[in-house]
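The values are calculated or read from the model by the stated rules, or taken from the named source; none is laboratory data. What you are looking at is a predicted structure, and each value in this text was computed from that prediction instead of being measured. Note that we place each Cβ from the backbone using ideal geometry, even for glycine, and neighbour counts take in every protein chain shown.
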Amino acid sequence: MELKAYGDVIRRRSRLVSLITLATLAIATLLALRGPTAYTASMQLAISVIPDPRVGEFFKFDSYYSVLTSEYLADDLSEVLKSEAFANDVSQELGFTLDPAQIKDLTRTKKTHRLLEVTVTSSDPERALAISESFERVLQTKLPEYFAFLNVNNGYVRIINRPKVKRTNSLPLAAAEIGVRTLAGLFAAVGLAFLLDYFDDRVRDRRGAETIFGAPVLGEIPAT
């Protein structure tokens, strides 16, 4: 089948293709605008371990081991922040009652070397910010208890980015989602057009007649 024949099929079924594509666009836009809105409150921590005082004039790799220990501590702390014990402390710090299990489910951590990002996701921006700020207060007041549990004597955590709320499903993301769904609708419409044309046995042009009868067309009578 030549490219011209493909074009002829799409042209004949252009109304169907356009209708399905526009309907998909309208439905995708409606779903994107009326879908659930999510918000995230993120804060960033820097974790470090103070090197032991140097004794003597020989080299002891003090900086290397302190950096390595800081990364291990960041790994441990990322798991502690997602624990049930820490969620209980955050729940007690909140000004309203919230199940610690929900706090645990809403919390995500991401470690990059010695930096740790803590993200709280919720459909309510005020709740996401309140939980994240409670995380901050618990870190400032009860972190030594967790360090004692981890057997860390010289660990240090600094909050370098305080909690900030942003909308997760932003307009660019919604536009991309609409575009992908509309493109999928277009492909489905074109596929349906070819399927309908395949089962349509009507003769429309010279090529179709020659294909069906297996003989060349000697002449044509114009429609007008």
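Laid out as a table, the results:
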read-out	value
Qualifying residue in the range 110-132 (condition: modelled with pLDDT of 85 or more, part of a helix (DSSP H, G or I), crowded, with 18+ Cβ neighbours inside 10 Å and in contact with a helix residue (DSSP H, G or I) (Cβ under 7 Å, 6 or more places away or on another chain))	yes
Counted residues, the range 93-108 - those being within 18 Å of the chain's Cα centre (by Cα), buried (at least 17 other Cβ atoms within 10 Å of the Cβ) and of a type outside the set (A, V, I, L, M)	1
Subset of the range 157-182 that is at pLDDT 80 or above and surrounded by 14 or more Cβ atoms within 10 Å (Cβ to Cβ) - its residue that is farthest from Arg13 (Cα to Cα)	Val157
Ala188 being assigned to a helix (DSSP H, G or I), modelled with pLDDT of 90 or more and farther than 30 Å from Thr121 by Cβ	yes
Residues that are of a type in the set (D, E, K, R) and either modelled with pLDDT of 85 or more or under 18 Å from His113 (Cβ atoms) (or both), drawn from the range 46-89	Glu71, Asp75, Asp76, Glu79, Lys82, Glu84, Asp89
Residue satisfying condition, being acidic (Asp, Glu) and free of Cβ contacts under 8 Å to residues at least 60 places away in the same chain, within set Glu117, Glu145	Glu145
Neighbours by Cβ (under 9 Å, 6+ apart or cross-chain): first from the range 84-103, in the same structural domain as Thr121 (by TED's automatic domain parsing); second hydroxyl-bearing (Ser, Thr, Tyr) and modelled with pLDDT under 85	Ala85/Tyr146; Phe86/Tyr146; Ser91/Thr97
Conditions (1) part of a helix (DSSP H, G or I); (2) surrounded by fewer than 19 Cβ atoms within 10 Å (Cβ to Cβ); (3) touching a Lys or Arg at 6+ places or on another chain (Cβ under 6 Å): number failed by Ser66	(3)
